[in-house]
Structures are given as structure tokens and as C-alpha cells.
Amino acid sequence: MGIAKVSSKERNREDILHLFHSMQNREITKNYITTNERKEIAQTLGLSIAEVDGVLSFYHLFSTSPRGRYVLRICDSLSCRIGNSLEVYGFISKELGIKRGETTKDGLFTLEIVNCLGSCDTAPNMMINDKIYTKLTLEEIDALIINCRKEVTA
């Protein structure tokens, strides 16, 4: 399937994160790792499915279920809480009509809460897919959501 395209070098256990990234991101609208892909990774690396799933479940950037094209991750660290991350969550939840862990009906957005994005001095923080946004205001969040919607229709 897709693993052969990942790398021509001999694979080992250390390649697992690279393979997760490759599998999850090979289609812009997919954004998750299927059961068959997990089996393929296990077979390729000589691991059990349980070992693959154990590593996969440790990292919140990976998913085994479908997510939206845009995954919005709101930081829930103490710094972000003090910086109004709960207000950010409430605004996004109301704006998109979804709660934590849910995906919009149109498949565009998934809302997630994460423990820390590693930018505590710039709270509140959020990631959209792989890009971090800091010192967020509700107006900026609204503009980001509008821009994501425009990208899809462009």
C-alpha cells in the first residue's frame, strides 16, 4: 500500500512516527490512520498491532477515526486557562456547533483540547492542523475559521 513510498531505506521501530505522519497526511481530506494501515505498519516494522496502537494512542496528533480537514487544537495548559482558553473553546464550539472531539457535519472542522502546545508565554494558543496561533482574540479566531472555509471553496 502506501508504506513502500515512505522510504527506500530499511525500516525499523524508530520509523513508526514517520509512518504515522505519512499515512495520516497522504490525503488532505483523510487525516486519520485506518485499521488496515495500522496492520500494514505493524507488519512492515515487525511489531504487533498492540504495540503500534500503544504508540499511536500516546500521541494526540494522530487519530484512528475520521477528523475534519482542519483540526483545531485548543491548548488547555494553566497558562492558556489564565489567558481565557475556556472563552476560546466556548466561542469555537458555538461558532461551529460542535464540542470537544466532534467534527462538523460538513467534515471541515474537528475540535480537540490538548494539554499543552509549548508556547505558554503567548496564551491563549491554538493549532490548526500543524500551524500554531498565539495570543488569540475572538476576532482573530473568527477570521481564521472564515479563511479555512474560503480555502475549501477556492
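We did not get these values from a lab; they are worked out from the coordinates using the rules stated. Just so you know, these numbers come straight off a predicted model, no measurement behind them. Here the Cβ is made from the backbone with ideal geometry for all residues, glycine too, and neighbour counts use every protein chain on show.
Under 20 °C and 1.002 mPa s, how fast does segment 70-153 diffuse according to Stokes-Einstein, given a Kirkwood radius computed over C-alpha pairs? Answer in µm²/s, whole number.
For the chosen part, D equals 171 µm²/s.
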| query | Nearest 0.05, what FRET efficiency do V55 and R149 give at R0 = 30 Å with Cβ-Cβ as r? | reply | 0.30
| field | segment 70-153, dipole about Cα centre (Lys/Arg Cβ +1, Asp/Glu Cβ -1), debye to the nearest 20 | value | 140 debye
| request: Evaluate the distance, in nm, between pseudo-label points positioned 7 Å from the Cα of N129 and of T34 along their respective Cα→Cβ axes. | output: 2.1 nm
| said: What would the Debye equation give as log₁₀ I(q)/I(0) for the chain at q = 0.09, 0.12, 0.17, 0.18 Å⁻¹, counting only Cα atoms as equal point scatterers? | reply: -0.33, -0.57, -0.98, -1.05
| Magnitude of the charge dipole, segment 24-107, Cβ model with Lys/Arg +1 and Asp/Glu -1, debye to 20 | 180 debye
| task | Report the one residue of Y59, F109, I74 whose Cα lies farthest in the direction of the positive end of the charge dipole of the chain (charges on C-beta: Lys and Arg +1, Asp and Glu -1; origin at the Cα centre). | result | F109
| Taking the Cα centre of the chain as origin and charging only Cβ (+1 Lys, Arg; -1 Asp, Glu), how large is the dipole, in debye to the nearest 20? | 280 debye
| field | Within the chain, percent of DSSP bridges classed antiparallel, to nearest 5 | value | 55 percent
| field | Förster radius 35 Å - calculated FRET efficiency between T137 and N115 (Cβ-Cβ, nearest 0.05) | value | 0.95
| message | Can you give me the angle between helix 138-153 and the longest principal axis of the chain, using Cα atoms only, in degrees from 0 to 90, rounded to the nearest 10? | response | 50 degrees
